[in-house]
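Values in this text are rule-based calculations from the coordinates and carry no lab data. Because the structure is a prediction, the values reported are computed rather than measured. When we count neighbours, we look across all protein chains shown, and the Cβ atoms used for this are built from the backbone with ideal geometry, even at glycine.
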There are 6 protein chains.
Amino acid sequence: MPAKRQPIEYSEASAQVRAVYDDIMATRQTDWINDFWKVLAHDPPTLRRIWSNIKEVMGPGSLDPLTKELLYVAVSASNGCQYCIASHGAAARNKGMSEQQYSELLAIVGLANETNRLVTALGVDVDARFL
Amino acid sequence: MPAKRQPIEYSEASAQVRAVYDDIMATRQTDWINDFWKVLAHDPPTLRRIWSNIKEVMGPGSLDPLTKELLYVAVSASNGCQYCIASHGAAARNKGMSEQQYSELLAIVGLANETNRLVTALGVDVDARFL
Amino acid sequence: MPAKRQPIEYSEASAQVRAVYDDIMATRQTDWINDFWKVLAHDPPTLRRIWSNIKEVMGPGSLDPLTKELLYVAVSASNGCQYCIASHGAAARNKGMSEQQYSELLAIVGLANETNRLVTALGVDVDARFL
Amino acid sequence: MPAKRQPIEYSEASAQVRAVYDDIMATRQTDWINDFWKVLAHDPPTLRRIWSNIKEVMGPGSLDPLTKELLYVAVSASNGCQYCIASHGAAARNKGMSEQQYSELLAIVGLANETNRLVTALGVDVDARFL
Amino acid sequence: MPAKRQPIEYSEASAQVRAVYDDIMATRQTDWINDFWKVLAHDPPTLRRIWSNIKEVMGPGSLDPLTKELLYVAVSASNGCQYCIASHGAAARNKGMSEQQYSELLAIVGLANETNRLVTALGVDVDARFL
Amino acid sequence: MPAKRQPIEYSEASAQVRAVYDDIMATRQTDWINDFWKVLAHDPPTLRRIWSNIKEVMGPGSLDPLTKELLYVAVSASNGCQYCIASHGAAARNKGMSEQQYSELLAIVGLANETNRLVTALGVDVDARFL
C-alpha cells in the first residue's frame, strides 16, 4: 500500500463500509460522500467509530445545528486544518452561515489565539470571582 | 521587576490606564475589572490596543453575542488556556450559556481535535465540490 | 539565496557535508539520502548536530527500533508534519509496521488529541494515586 | 454550577453513570475510577461515548497493549497534558514500561518536535521515493 | 462566494479598502501589496484592524526593526505558517537578516520546541530564584 | 520511582552527571544549576545531549547573545511553557533585556499567533515575489 491512502469508492467498498456510507448519506439527506470518509474506509472500525461520534455529537441537542458547525469550523481554523475548514465550512453555509458571519468567526479565532498566548505567557492567575 | 507581573489596581494606575479600565467597565456595565487587564496594564499601549480589538471583535455584528462568546470559549478550550476558559466561560454564562450547552461545546472541541489530526495525518485532499 | 532552500546533492556538497551524508548512508545501510538532510546541509553545523541527535536517540536502547519509529510517527502525525509522517512512516514500514498497525496508531493519535483537550479544558486535577 | 466541575463519586452517581463506572472497573479489573471519568460524568452521554472509544481503541489489536499506552503517553507529552501523562504513564508502567523506556520515549517526543518544526519551516517537499 | 477567498486588487477595491492599501504602501515605502492584505480585504473592518495592529506593534520601539522581524519569523516558523515565514522572512532579509542568521534562528526555534516539551512533560517546577 | 522526577542535587549525582553540571556552571560562569538540568539528570545521556545542543546553538554566532535569548523566550511564550519563559527570560534580563523590550516581544508573539491563524485559515498562497 502506498504511504498515502486513496479514497475507496462505494462500488469497490465492502458491505461493512457501504453500511456506513449509506448511513452518512441517509443522515445528511444527500447522495454524496466526501473523501475524508472514503480514506478512513481503509480502516472500517475507525470509519464506523468516527462516524458514530460525529453523528452523536453533531446531532440534535441544546446548541442549534448552525452553532455546532460554527464551533467545529472555529476549532479547525485555529488548528489550521484546511480540509476541515472546507468541509465544515460548507456544512455551515448549508445551514445558513453568511460570509459576514464567517468573517466574524475568523476574527474571533485570530484574536482568541492572540489573547490565549498573552494570558498564558503572563501567567495570570484565574480571578477568584471566576472560581 | 519580578519575572511575573502583578495586577495593577485602579488606585495605583496611571491616567492612561484608568481611561481603559473606565471604558471596560462602562462597556461591560460592571464596576469590576478582571486580572488579565490589570496585568496587561504594565504595558499601557498593549492594554489599550488589545481592549480596542476585543471591543470591536466582540461587539455587535451578524453573529449574536452568545455565539461569539461560545466561539471564544471553544478556541480557548482547544488551546488549553484555563484563564480564558474561565473568563469567557463566565461571560458566556452571563449571556445565557447553559451547562448542557457547555458540555456540547466541549464535546465538539474534543472531536474536532481528533478529526483535525486524522484528516491532516492522512493527507486527504480537499474535495473538488468544496472548492 | 531564494526563500526556499533547495537540496544540496552529494556531488556538489562540501567535504564537511559529505562526511555526514556518508555516515547517514553507512548507519542506515543504504546509498540514498532523503531531502530533509540535503536541505539542512545549507547549515553544516545544524546538519551534523541534528543527525548526531537522531543517530543517538533512534539507536539501540531499551525500546526496540520499531517502537521508536512508531513513537516518532505518532508525534509527527499529532503535529501534522506530512514530511515526517512520510519519512518515519517509511522507516517504520521497513522495520515491520503493518497497515493495520498504522491504522491503530492513527486512531490513538486522534483519540489522545481529543481526551487531552477534554482533560485540560475541564481542569481535572491529577489523582493522588498517580503522584 | 461552579466553573470547575467536581468529580461525581459512585455513591452519588445516577444509574446511567454507574453503569459506565462498572464497565470501566470490570474492563480494567480494578475497584478504582480516576477523576477524569468522574468529572466527565457531569455529561453522561459524553462519559459513555468517550469510554466506549477508549475501550475500543485501546483494546486488543495488532499493536500490543504496552505499545498502545506508550503511543498515548507520547502524544500526551507532546501536547503537554500533565494529567494524561500521569494517567497513561501509570497504565504504561502497569503494563511493564521501565523508567529507561520512559526516558527514551521522552527523548523521541522532544526530538520529533524539533525536527517537525525544522522540516515544516524549511518547506521540504516529500521525496518521490516516499510516495 | 467560493470557499477560498481570492485577492482583491487595488483597481477593484472600495475606497475604504484602498485607504488601507495606500497606508500600507506609504508606511512600507513600496508600491506593492502582498496577498494576505488583499484576501483580508473581503472583510474591510478586519483589514483595517489587523493593519493597525501590525503598524503599531512592528513600528519604532525599544526593540530594533530587524529584531522585531526575527521574532515574528521565529513564532511563525514554530507555528508552521509557510506564508508568514515567507513574508516576514522577506521583510527580515530587507532589514539585513543574513542566511547565516536565519539558520541560527531556525536552530533556536527547533531546539526551543524540543526543550519546551521536555520541561512540560517532566513537570519541572519553576526555580524559586526565577520568581 | 514516582511519576514525577525530582531534581538530583550535585552531592548525590554520579560522576557522569557532575561532569555536565560542572560544564554548565563553567560555561555560564555561575555556581548554580536550575532544576531543568537536575530533573533531566535521571537520564544522563539525555542530560549530556541536550546540554551539548544548548551550548552549541546558544553559543557565539552571527546573532548576538541577547537576540538569541529573545528568540528562545518568544518561542517558549508562543508554546505556553512557563518554566522556559522564566528561565530564558532570566537569561535575557541578565543579557540586558528591558521590561519595555519584553512587553514588545510579547506583543509580537500575540500578534503573530493571530495572523498565523488568519493566513492559514484563509489559505493564502505565497506571493510569487516571495519565492
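Placing a label point 7 Å from Cα toward Cβ, how far apart in nm is C:S52 from its equivalents in the other copies, listed shortest first to one decimal?
Distances to the matching label points in the other copies: 0.5, 4.9, 5.1, 5.1, 5.3 nm.
Short version: what are the Cα gyration tensor semi-axes of the range E:22-95, square root of 5 times each eigenvalue, largest first, in whole Å?
Values: eigenvalues 76, 48, 30 Å².
Value: 19, 16, 12 Å, ordered largest first.
Could you tell me how many cubic angstrom of Cα convex hull volume the protein assembly as shown has per residue?
169
Treating only the Cβ atoms of Lys and Arg (+1) and Asp and Glu (-1) as charged, compute the dipole magnitude of the protein assembly as shown about its Cα centre; round to the nearest 20 debye.
Roughly 0 debye for the protein assembly as shown.
On a 0 to 90° scale, report how tilted helix D:15-28 is relative to the longest principal axis of chain D, with both axes built from alpha carbons and the result rounded to the nearest 10.
Here the helix axis deviates by roughly 50 degrees.
Note down the nm distance, to one decimal, between modelled labels 7 Å out along Cα→Cβ at D:D125 and at F:D64.
Going by the 7 Å Cα→Cβ label model, 4.1 nm.
At 7 angstrom along the Cα-to-beta-carbon line, where would the label on A:E12 sit relative to the other copies? Give the distances in nm, shortest first.
Those label-point separations list as 3.9, 3.9, 5.6, 6.1, 6.9 nm.
Taking 2.2 N^0.38 Å as the expected size of a compact globular protein, what ratio does the Cα radius of gyration of the range A:1-57 give against it, to two decimals?
Working: Rg = 10.9 Å, N = 57, 2.2 N^0.38 = 10.2 Å.
This ratio for the range A:1-57 stands at 1.07.
In a solvent-free Debye calculation with one equal scatterer on each Cα, what is log10 I(q)/I(0) for chain D at q = 0.09, 0.19, 0.20, 0.22 Å⁻¹, listed in the order of the q values?
-0.38, -1.13, -1.19, -1.31
Going 7 Å from Cα along the Cα-Cβ axis for the label, what nanometre distances separate F:T30 from the same residue across the other copies?
Between copies, matching label points for F:T30 lie 3.9, 3.9, 4.0, 4.2, 5.7 nm apart.
Find how many whole Å separate the alpha carbon centroid of the range E:98-112 from the alpha carbon centroid of the range A:64-124.
The two parts, judged by their Cα centres, are 32 Å apart.
Please sort by residue number the chymotrypsin sites (Phe, Trp or Tyr not before Pro) in the range F:22-131 whose DSSP state is loop and whose Cβ has at most 16 other Cβ atoms within 10 Å.
F:W32
For the range E:42-49, just list the computed ³J(HN,Hα) in residue order, Karplus coefficients 6.51, -1.76 and 1.60, θ = phi - 60°, integers in Hz, with x standing in for Gly and Pro.
Whole-Hz 3J(HN,Hα) from phi for the range E:42-49: 5, 10, x, x, 5, 3, 5, 5.
Helix F:82-94 versus the longest principal axis of chain F: what is the Cα-based angle in degrees, 0 to 90, to the nearest 10?
In chain F, helix F:82-94 runs at an angle near 90 degrees to the longest axis.
What is the distance, in nm, between label points placed 7 Å from the Cα along the Cα-to-Cβ direction at A:N94 and at E:T27?
4.1
Taking a virtual spin label 7 Å from the Cα of D:Q6 along the C-beta vector, which residues in the range A:107-131 bring their backbone nitrogen under 19 Å of it?
Backbone N within reach: A:128-131.
If you average 1/r over all unlike Cα pairs in the range B:62-123 and invert the result, what Kirkwood radius do you get in angstrom? Write down the numbers at each step before the final one.
Values: mean 1/r = 0.0822 Å⁻¹.
Radius from the Kirkwood sum: 12.2 Å.
Applying the Karplus parametrisation 6.51 cos²θ - 1.76 cosθ + 1.60 with θ = phi - 60° to the phi angles of the range B:52-63, what ³J(HN,Hα) value in whole Hz is obtained for each residue in order, glycine and proline being reported as x?
Along the range B:52-63, the couplings run 4, 5, 4, 4, 6, 5, 8, x, x, x, 8, 8 Hz.
On the rotation axis linking copies D and F, which residue of D comes nearest by its Cβ, and by how many whole Å?
For chain D, the closest residue to the axis carrying it onto F is D:G80, 4.
Tabulate in residue order the Karplus-calculated ³J(HN,Hα) for the range A:68-80, using 6.51 cos²θ - 1.76 cosθ + 1.60 with θ = phi - 60°, rounded to whole Hz; enter x for Gly and Pro.
Once rounded to whole Hz, the list reads 4, 5, 4, 5, 5, 5, 5, 5, 5, 5, 5, 8, x.
If the reach is capped at under 24 angstrom between alpha carbons, list the lysines near D:K95, excluding any in the same chain fewer than eight residues apart.
Counting by Cα, and skipping residues close in sequence, D:K95 has these lysines nearby: C:K68, C:K95, D:K38, D:K55, D:K68, F:K4.
With +1 assigned to the C-beta of every Lys and Arg and -1 to the C-beta of every Asp and Glu, and no other charges, what is the dipole magnitude of chain B about the Cα centre in debye, to the nearest 20?
In debye, rounded to 20, chain B gives about 220.
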